Amino acid sequence: MNTASPRGARTLRTLTAVGTTLLLGATGIALVPAAQAAPAEGGALLAPYYTELDLTGDHRVTTEDLDVLTAHLGTRSTDADWAKVAPADTDHDGVITVHDLAALSQRMVYNDGPFSLVEASVLDMQAAMNAGVTTSVKITQQYLDRIAAYDRPVVDTGAGGRALNSIITTSTVALKAAASADELRMEKGMTGPLLGIPIVVKDNYDTADMPTTGGCGCWENNQTSTDAAMVTGMRKAGAVILAKASLDEFAFGFVSEFSAGQPAGSSLLVASPYNTTQSAGGSSGGTGAAVSANLAGLGFGTDTGGSIRIPSTYNQLVGIRPTVGLASRDGIIPLALSQDTGGPLARSVTDAAIALDTVPGIDAADPVTSTQAGKVPTSYTASLDPTALKGKRIGVVTTMIGTNPTTVRLFADARATLEAQGATVVDIAPTADFNRVLAEASGSTPELNHDLNNYAAAHLAPEVTARSLNQIVDSGKFVPSRRSTYLQRGAVTEDTYQAWAGPQGSHTLQLAAGKTLVTGMLNDQNLDALVYPSGNPYASLGTNMRLSPNTGMPAITVPMGQSIAADGGPVGAGVNLEFLGRDFAEGPLIGLAYSFEQATHYRTTPALFPALAK
């Protein structure tokens, strides 16, 4: 029996207009597309609507609810036990019939049809596991098999083809964690949408079961005793931490070059799974390449000046850079804490929203998280509304579009889509103050020495001998081209740091001014968001990536199409559309991105990395 949808075994895969998928991450509520389900008032498909048919008090619909309703077939509103089943009288005819039973079954995450790992969404995996078609152990092993087959071997036989190089370390306990998730599912059912889902995290997140190298050979023995705060949230949600993803060493740049695991004086580069002669972007390039090539279910990266959003646009993924203050950075190797934040990279907006539910939490070890108090929804998945763009006002700063033929063409198409979905697009001419926001430099040069020293004191394993930038250079185990950069940053004094990032530092004051200015732009013109391209094909676009970090405001990037031969550049290269909004407005931004995604479905699957032969 397949109760996921009357339209076939794999309709969960597309999440198209037949319905939507909403989860309430904090309580484990999860529901699937239902062709027969009526939308909530106004067309917004909110999580409370999908919880109201629960009959057993566990805030979700399971086979136990079906059993209860089956036992009450024929029960009428005049019967004494009507109250037990009244919520499931979906056609409101005062009697429980097979039609009500069928409608109830549509609210389950359950699919006993064939399961395919390639492009499987979180809900695809959950539905198959709930139906017993597969298990977390099997899915985890399949991802490990794909990593072994596809990550370091060169599978691109074309000229200049390179290895993907997206993974630094795979977990030796991932299968054990997956088995524990399977046992929990057997005992309590699906306790949450990430139960048993394999995730890769950028190798600057501390993990108690794998070393945290920061991409540097100098820190290969940095086995921390604790997880980063964000990793703790992932594990609490039931996720399986599958592997540590490659990154640009110490999250420095956008090419994802790393020395971890390599002989001293050598390094590797992460490749795009669409065209391995091209970069996967950075600095979270390993996460981007791995998730896009279907080597993991989800991924997490960090973003200081574009390091989640650039790999997302290069690899046709959805990436979320949250408000600075939503995610605790404790236990993450820093680059510049004035702008650092962590967030998900995923193959769909739905998966990204599910992942984001693990992120919030006030953490005394990262005081900026106190600013989120009272501003976090129960679940970001409640914003997954395909009509979210209707009636919204979207601003476009015209100078942020650029002149690249692919980007100009795709942005024009994206603008037409926004308008077709009911949004009003407003052109905005940049002011000198706005340009000053974009021109503010990254904090990585004046902040790295100070922030890295603090991380080393609090988290770095005692076995690590290279505990400062100067000692890293002395070790000889780093990306060779970074020597002068590390020496320069290692020479930054505490006085210089304070003048830049202290309470009255120039950078601190400019970031605050940037937030005030851009928030004022949104308010003055009654805008719900700004949109702009996240880059050009396999390249950055001016200072576009600076807008979110230079204001601390959240951004979400979503595929808006690919390059074609007529554009004159590499064919098939992705370019993303980025939405930026007010502080802690991740939910509304997710709704806008989801509405755009559901109208377009631009992501493609990398042809170089198909399903493995059975």
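The values are calculated or read from the model by the stated rules, or taken from the named source; none is laboratory data. Since this is a predicted model, take the numbers as computed values, not measurements. Every residue, glycine among them, receives a Cβ derived from its backbone with ideal geometry; neighbour counts consider all protein chains shown. Protein only, heavy atoms only, side chains kept; ligands, DNA and RNA dropped before computing areas. Shrake-Rupley method; radii C 1.70, N 1.55, O 1.52, S 1.80 Å.
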Handout entry: Residues satisfying the stated conditions in the stretch 76-100, i.e. farther than 20 Å from Glu64 by Cα, outside any strand (DSSP E or B) and over 41 Å from the mean Cα position of the chain (by Cα)
Key = Ser77, Thr78, Asp79, Ala80, Asp93, Gly94
Handout entry: Selected residue (criterion: modelled with the highest pLDDT) from residues of the stretch 344-370 that are charged (D, E, K, R) and in a loop (DSSP other than H, G, I, E, B)
Key = Arg347
Fill in the blank from the handout: Exactly one of Ser267, Ser256, Ser292, Ser284 is among the small types (Gly, Ala, Ser), over 16 Å from the mean Cα position of the chain (by Cα) and on the phi < 0 side of the Ramachandran plot, and that one is Ser267
Handout entry: Yes/no for Asp206 being among the acidic types (Asp, Glu) and either open to solvent by 30 Å² or more (accessible area, probe 1.4 Å) or over 24 Å from the mean Cα position of the chain (by Cα) (or both)
Key = no
Practice task
Among what's in the stretch 149-175 and is loosely packed, with under 14 Cβ neighbours inside 10 Å and touching a Ser or Thr at 6+ places or on another chain (Cβ under 9 Å), pick the residue that is nearest to Ala245 (Cα to Cα).
Solution key: Val154
Problem - Given (1) in contact with a strand residue (DSSP E or B) (Cβ under 9 Å, 6 or more places away or on another chain); (2) open to solvent by 10 Å² or more (accessible area, probe 1.4 Å); (3) under 22 Å from Gly422 (Cα atoms); (4) among the hydrophobic types (A, V, I, L, M, F, W, C), number of the condition Ala599 does not satisfy - result: (1)
Practice task
Looking only at the stretch 548-564, decide whether some residue is open to solvent by less than 40 Å² (accessible area, probe 1.4 Å), part of a helix (DSSP H, G or I) and either β-branched (Val, Ile, Thr) or touching a residue at least 24 places away in the same chain (Cβ under 8 Å) (or both).
Solution key: no
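Being assigned to a strand (DSSP E or B) and open to solvent by 10 Å² or more (accessible area, probe 1.4 Å) is the requirement here; does Ile199 meet it?
In short, no.
Results for (1) touching a Pro at 6+ places or on another chain (Cβ under 7 Å); (2) in a loop (DSSP other than H, G, I, E, B); (3) not hydroxyl-bearing (Ser, Thr, Tyr), shown as yes or no for each residue.
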| position | (1), (2), (3) |
| --- | --- |
| Phe254 | no, yes, yes |
| Ser283 | no, yes, no |
| Thr287 | yes, no, no |
| Ser307 | no, yes, no |
| Ile320 | yes, no, yes |
| Pro334 | no, yes, yes |
| Ser338 | no, yes, no |
Practice task
Go through the stretch 374-431 residue by residue and tally those that are β-branched (Val, Ile, Thr), open to solvent by 70 Å² or more (accessible area, probe 1.4 Å) and within 25 Å of the chain's Cα centre (by Cα).
Solution key: 1
